[in-house]
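K.L.:
Pasting a structure here, questions to come.
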Amino acid sequence: MGSGIWSTDVYDAADRYRRSTGRSAFSYSDSGARTVHPALDPRDASRESRDSDEHPQSTPIAVLFDVTGSMRRVPRALQTKLPQLLGLLQRQGYASDPQIMFGAIGDATCDRVPLQVGQFESDNRMDDDLGRIVLEGGGGGQMSESYELALYFMARHTVTDNWEKRGRRGYLFIIGDELAYTQVKAREVAGLIGDDLGEDVPLRQVVDEVTRRWDTYYLLPAGSHYAGNATVLDFWRDLLGQNAVVLDDLDAVCETIALTIGLGEQAIDLDEGLRHLDHAGSSATGTVSKALARLGRGRRAEVSTLPAFRDTAGGVTRL
């Protein structure tokens, strides 16, 4: 996947049509759907970010967000900010040939749709994937959701030319406000993804796997139920260190993602990126500055010295 070119004009036309007809941007969910859309079903699936003549230096970016009740308006806010995310990445040159995949996270212990995963796209089909997401609105009420299943899928069911050809990690952003479960449960993986693990996998092992190929971030935004919760933040900083980021303003989520990628690609330093936001009239500058201060003045999605890996039959195979 990943062919085609994003058009803000196409997005704006679709948005105007939705407004004029009263249709929701999340029409699949708001129509009453309570099963995963076939295009987002993770069972027996993998997701690929590949180079092409249109996009010879693809940069894979995955954004998966919690859609349980505690996240309130976060998914809808993200959808409205999509043009800003693509605009910053493309117009400012923060990443070469960005290919973005959206997904959603629920709770496998109680939700009907605990994991939804779109395709890597370079054009307006990524907006279509957002529209297919079921906004579960549930959750188990125990301050944990199934983030570990999303991490497992990203570790073992994604393939990118950025890694296989260039030894460079992609970017993974988990947007949530709760803890992950401490084990990837074999029973849940078999039912939702189709892999036969034989035994549960510790969360720490899965995090080690996913961070080998993905520069991984956890964003804890304002507007969620557990915003600013020290227990949640400490949990994710233990797993991801400085890559657990607090957002004081939900509306700054896309700018934060874009500048994080720009820093990782060494396309900008933080001061330059903040100036770009100011010049664009963004109100997110203060929030982004505070959120990314912990990441330093410049970062890189480094070239790995390890052999590349690829996904085969639900597992990871050394090339």
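The values are calculated or read from the model by the stated rules, or taken from the named source; none is laboratory data. This one's a predicted model, so the numbers in the text were calculated from it and none came from an experiment. With ideal geometry, Cβ positions are generated from the backbone for all residues, glycine too; neighbour counts draw on all protein chains shown. The protein model used for the area step is the full one, side chains on, heavy atoms only, and it has no ligands, DNA or RNA in it. Shrake-Rupley method; radii C 1.70, N 1.55, O 1.52, S 1.80 Å.
K.L.:
Would you say residue 77 is of a type in the set (Gly, Ala, Ser), in contact with a helix residue (DSSP H, G or I) (Cβ under 6 Å, 6 or more places away or on another chain) and in a loop (DSSP other than H, G, I, E, B)?
P.N.:
Considered against the rule, which asks whether it is of a type in the set (Gly, Ala, Ser), in contact with a helix residue (DSSP H, G or I) (Cβ under 6 Å, 6 or more places away or on another chain) and in a loop (DSSP other than H, G, I, E, B), residue 77 comes out as no.
K.L.:
The conditions are (1) outside any loop (DSSP other than H, G, I, E, B); (2) open to solvent by less than 20 Å² (accessible area, probe 1.4 Å), and residue 128 fails exactly one of them. Which is it?
P.N.:
(2)
K.L.:
Which of the residues that make up segment 116-132 are small (Gly, Ala, Ser) and within 20 Å of residue 68 (Cα to Cα)?
P.N.:
118, 131
K.L.:
Still on this model: With the condition kept exactly as written, say whether any residue in segment 102-125 is touching a strand residue (DSSP E or B) at 6+ places or on another chain (Cβ under 7 Å), on the phi > 0 side of the Ramachandran plot and not in a helix (DSSP H, G or I).
P.N.:
No, segment 102-125 contains no residue that is touching a strand residue (DSSP E or B) at 6+ places or on another chain (Cβ under 7 Å), on the phi > 0 side of the Ramachandran plot and not in a helix (DSSP H, G or I).
K.L.:
Could you check segment 11-60 and list, in sequence order, the residues that are of a type outside the set (Ser, Thr, Tyr) and within 15 Å of residue 115 (Cβ to Cβ)?
P.N.:
34, 36, 37, 38, 39, 40, 41, 42, 43, 44, 45, 47
K.L.:
So which of 237, 310 is surrounded by fewer than 20 Cβ atoms within 10 Å (Cβ to Cβ), assigned to a strand (DSSP E or B) and either modelled with pLDDT of 95 or more or in contact with a strand residue (DSSP E or B) (Cβ under 6 Å, 6 or more places away or on another chain) (or both)?
P.N.:
Selected residue: 310, the only one of 237, 310 that is surrounded by fewer than 20 Cβ atoms within 10 Å (Cβ to Cβ), assigned to a strand (DSSP E or B) and either modelled with pLDDT of 95 or more or in contact with a strand residue (DSSP E or B) (Cβ under 6 Å, 6 or more places away or on another chain) (or both).
K.L.:
May I pose another question? Which count do you get for residues in segment 176-203 that are among the charged types (D, E, K, R), modelled with pLDDT under 95 and open to solvent by 40 Å² or more (accessible area, probe 1.4 Å)?
P.N.:
Counting residues in segment 176-203 that are among the charged types (D, E, K, R), modelled with pLDDT under 95 and open to solvent by 40 Å² or more (accessible area, probe 1.4 Å) gives 0.
K.L.:
Still on this model: Taking residue 153 as the residue in question, decide whether it is open to solvent by less than 10 Å² (accessible area, probe 1.4 Å), assigned to a helix (DSSP H, G or I) and in contact with a Gly (Cβ under 9 Å, 6 or more places away or on another chain).
P.N.:
yes
K.L.:
To continue, here is another question. Please determine, by comparing only the residues of segment 15-45 that are among the small types (Gly, Ala, Ser) and open to solvent by 50 Å² or more (accessible area, probe 1.4 Å), which one is modelled with the highest pLDDT.
P.N.:
20
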